[in-house]
Amino acid sequence: MNSPDVFEAGVGEAEPAYVDIDSIDLRLGADSLVWKFYGDIRGVLGFQRLAGTENCIEQLAQGVEDHSVIFSDFLGRARRTGPPIMRTVYSDQPHQWGRRVRDFHRDIKGTVPDGSRYHALNPELYYWAHATFVDQVLTITDTFIRRLSYEEKEQIFEESKTWYQLYGVSARSQPETYEDFCVYWETMCDKFVPTRTILYATGYLSKGVPGPRWMPRPLWRVISAPINAFLRTVIVGTLPRQMREVCELDWDDRKQRRFDRFAAGMRAANPLFNRLPIRLLYTPWAAEGWERTGVDPRRIHNG
């Protein structure tokens with residue numbers, strides 16, 4: 001594998017690197033663990049981990065700040081970003097959707113404060129963005145759905161290589177094995193910095209969820225207290241240690257125990273979740289994929 005220590009040198013090239021995938025029949029399917037777990041509705045519990053870890057890397061956060069509407073339409077950006085990536089996995093036209101996701105990023109380039117350049121389709125930067133999705137599948141499944149065996153984690157990582165290929169971007173920075181991926185992940189987390197983007201995106205975790213303008217503030221403080229308590233335990237609990245530190249989010253052993261109890265309860269409820277209709281258990285794009293293939297995901301890969 002390419003050592004994550006070469007990330008700075010690679011990302012500093014700030015040039016896109018495409019590969020031709022048109023002649024290769026690439027797709028994930030109903031027999032894959034990525035299909036089983038990526039579109040599960042419980043993945044929403046990992047939204048902040050996914051979006052946050054991406055934006056703790058300076059170059060990626062700068063691209064978001066320079067080229068997106070995160071500061072004026074945070075939820076809108078999320079709605080526009082998520083579905084095309086879901087369709088890259090679950091649609092019957094994965095090449096088309098993969099290229100579309102890639103091409104969204106063709107003009108996302110600029111400079112970071114030290115004057116060095118970045119480009120969203122530079123392989124080191126683009127793979128990091130993809131790695132956060134791979135990590136979400138691994139971490140949220142193992143934490144809130146059911147424990148994964150080491151072999152299943154290896155399988156998810158191997159399937160993520162096909163997922164990444166669908167974008168048509170060079171895989172030169174992709175780790176070779178799941179074990180390499182774990183080392184890569186920790187090394188990248190050690191590069192986290194408190195970017196303006198991530199401090200904005202996590203502000204609600206420290207300051208509390210803002211209430212509607214029409215509601216009196218004293219009333220909102222009462223109503224929002226359990227919401228903020230949940231977020232500060234469950235959502236902050238999903239975050240890597242390095243992200244909590246750079247965002248200055250409080251965490252201690254007591255909160256960890258509360259988080260562990262919640263996660264264990266979620267895993268214990270997995271048989272109940274698997275009784276839900278597919279349209280309730282999965283996001284719309286994943287549910288469409290399952291219905292198209294005629295496979296019932298509630299009956300497969302249950303551990």
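Every number here is computed from the coordinates shown, using simple stated rules; none is lab data. Here the structure is a predicted model, which means the values were calculated and not measured. Please note: Cβ atoms are built from the backbone with ideal geometry, for glycine as well, and neighbour counts cover all protein chains shown.
Computed quantities for the displayed model
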quantity	calculated
The chain, Rg to Rh (Cα coordinates; Rh as Kirkwood inverse mean 1/r)	0.96
The range 113-130-the range 27-46 distance, computed between alpha-carbon centres (Å)	27 Å
Among 14, 120, 268: highest mean-square fluctuation, GNM of the chain, C-alpha pairs under 10 Å	268
Kyte-Doolittle mean at least -1.0, axial Cα span of 18 Å or more - DSSP H helices of the chain	74-90, 123-140, 217-230
37, 259, 133 arranged by Cβ crowding within 10 Å, fewest neighbours leading	259, 133, 37
Set 36/109; 153/207; 153/255; 161/191; 109/161; 109/191 screened for pairs whose C-alpha atoms are more than 32 Å apart	36/109; 153/207
Cα Rg over Rh - the range 37-182, Kirkwood	0.95
Square roots of five times the Cα gyration tensor eigenvalues for the range 136-276, Å	32, 21, 15
Full-extension gain in nm, residue 229 to residue 93, via 0.36 nm per residue minus C-alpha separation	44.8 nm
Unit charges at the beta carbon, dipole of the chain: most positive-side option, 269, 118, 192	269
Residue 119 long-range amide H proximity, modeled H, under 5 Å	14
Dimensionless Rg/Rh of the range 204-293 - Kirkwood Rh, Rg from C-alpha atoms	1.09
Ranked list, fewest to most other Cβ atoms within 10 Å of each Cβ, for 238, 197	238, 197
Length-normalised contact order of the chain in % [C-alpha pairs under 8 Å, at least 6 apart]	30 percent
Local electrostatic count at residue 297 - Lys and Arg +1, Asp and Glu -1, tallied over other residues with Cβ under 9 Å	+1
Residues 189, 56, sorted so that the one with the fewest Cβ neighbours within 10 Å comes first	189, 56
Cβ-placed point charges (K, R +1; D, E -1), dipole of the range 151-262 about Cα centre in debye, nearest 20	1140 debye
Residues with amide H under 5 Å from that of residue 282, placed H, sequence gap 5 or more	41
Built amide H within the under 5 Å cut-off of residue 18, gap 5+	170
